[in-house]
Amino acid sequence: MKLLIYLILLVFVGTSHAHAWEDFYILKPGQLHFERTVSQKFSHFSQSDCRSRIPQITCVVNPAQNPQESRQCQEDSSSAAAALEKIHDILPPKLQKVFCGLDVIYIENELESLAYAGIIQADAQGNVRGSFMGIRRALVEQNYDATSVLGWKEQKAFGIKAPPFVHLPEGPRVDVTLPASLSALHYIIAHEFAHILDFANSANNFICPEGVTCNLSEWNPEEFKKLTPKDGSWSALSWKNPLEPLPEQKFPLWSKLCFYGCSEQLGLEDIEAFYHQLNPTNFVSTYAAVSPFEDFAESLTFAVMAEHDDFQYLIQTPYASYSLEAKWRDSGPKKIWMQDFLNRDLKYPSPLK
Ligand SMILES: [Zn+2]
């Protein structure tokens, strides 16, 4: 978790390296390499019809060691497009347009996480040139329901190691109904697109306050904690700095919240207290409390899902039950901020080709 934030922040301060973490990549121009299939190469490449791009940018791939490796799209790549087109059709127009800025959607034959997204940062000012995403192939082909996938992920935070996407009785129970009862893929794509829109539009924005010296050239949490959220940014709603929530949003068990690569983590004995403590904060979900970036991605996803009356997201512990979609609908300033964001004339990455 801490590493993840470090990597994001290094990008903000203009390092020349490419960085990767489990959920988001930031590459420099010339670092995204892939070879389309023969039929994709010879088809007309649409810059404006975002739906028709989907079969052209869908790329089934074997695992790669790093995001800069050259990747060969397998011949059956376009067959994965139908599932993505179905998700495209239910997304609001502002999210449909993200498909137009994507250079490639990797359908990963093997992937440890659920999905990831990435951008190509064109210059030190943070302008975004192209973008890409990757999804675990099973999620595209097997129509897994949101309850199984999101429940499996939720239980990871409590140290439960179950095969994908099994939801064990000893962990918190998650019950999710997505609009039109679509599969987990709907939620996952909205979440990843939200990361792309965050970076392309500087929704999260931290600055070094005037009169303060912030030495961000190497990893020192104390230096990063000197950054403050820019007035009016998404970050200012819940975060004191990129590493810590505002005091009124922080709760005792927050310090143990971790999903991947954790040195310390919540355990089964924390379930009841954790949700009791999370409930009064303005974080819409467990994952939203991890970092400003996940806070934005989760909140945008809730904003999009909650446009449909049939959306439900329930968490149950042995003694309590929490309706997250109701929490979002009552979330006041964050809901308003997100609605304003979605009404803005948003910036999109321009695809490389
Ligand atoms: Zn994420």
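The values are calculated or read from the model by the stated rules, or taken from the named source; none is laboratory data. The structure presented is a predicted model; accordingly, all values stated were derived computationally and were not measured. All Cβ positions, even for glycine, are placed from backbone atoms using ideal geometry, and neighbour counts span all protein chains on display. All accessible areas refer to the heavy atoms of the entire protein, side chains included, with ligands and DNA or RNA removed. Shrake-Rupley method; radii C 1.70, N 1.55, O 1.52, S 1.80 Å.
Summary table below
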read-out: Solvent-accessible surface ranking, highest first, for Lys230, Lys334, Lys153 at 1.4 angstrom; value: Lys230, Lys153, Lys334
read-out: Value of relative contact order over segment 118-254, rounded to a whole percent, pairs C-alpha under 8 Å and six or more apart; value: 16 percent
read-out: Charge dipole (debye, nearest 20) of the chain; +1 at Cβ of Lys and Arg, -1 at Cβ of Asp and Glu; value: 680 debye
read-out: Over 18 Å (Cα to Cα) - which of Lys230/Lys256; Lys97/Lys327; Lys153/Lys256; Lys86/Lys156; Lys156/Lys334; Lys230/Lys334 fall in this group; value: Lys230/Lys256; Lys97/Lys327; Lys86/Lys156; Lys156/Lys334
read-out: Neighbour-limited loop hits for GluC sites (Glu not before Pro), segment 251-304 (at most 11 other Cβ within 10 Å; DSSP other than H, G, I, E, B); value: Glu264
read-out: Selected from Pro318, Pro179, Pro55 as most flexible by GNM, with the chain as the system and alpha-carbon contacts under 10 Å; value: Pro318
read-out: In sequence order, calculated HN-Hα J values of segment 294-309 (Karplus, 6.51, -1.76, 1.60; Hz; x Gly/Pro); value: 6, 4, 5, 5, 5, 5, 5, 4, 5, 4, 5, 5, 6, 5, 10, 5
read-out: Apportionment of accessible area to carbon and sulfur, the chain, percent (1.4 Å); value: 50 percent
read-out: Candidates per GluC sites (Glu not before Pro) in segment 124-200, loop by DSSP, up to 16 other Cβ within 10 Å; value: Glu170
read-out: Packing rank of 279-285, 120-126, where each peptide gets the mean count of other beta carbons within 10 Å, highest leading; value: 279-285, 120-126
read-out: Segment 184-233: relative contact order in percent, alpha carbon pairs under 8 Å with at least 6 residues between; value: 35 percent
read-out: Spin-label model distance (nm) - Glu307 vs Val166, 7 Å beyond Cα toward Cβ; value: 3.8 nm
read-out: Karplus-derived 3J(HN,Hα), 6.51/-1.76/1.60, for each residue of segment 210-222, Hz, glycine and proline x; value: 4, x, 10, 9, 10, 8, 9, 6, 9, 6, 9, x, 5
read-out: Farthest positive-ward along the chain dipole, Cα basis, beta-carbon charges - from Leu150, Leu95, His33; value: His33
read-out: Contact order normalised by residue count of the chain, Cα under 8 Å, 6+ apart, percent; value: 17 percent
read-out: Dmax and Rg, reported as Rg then Dmax, of the chain (C-alpha, Å); value: 19.6, 59
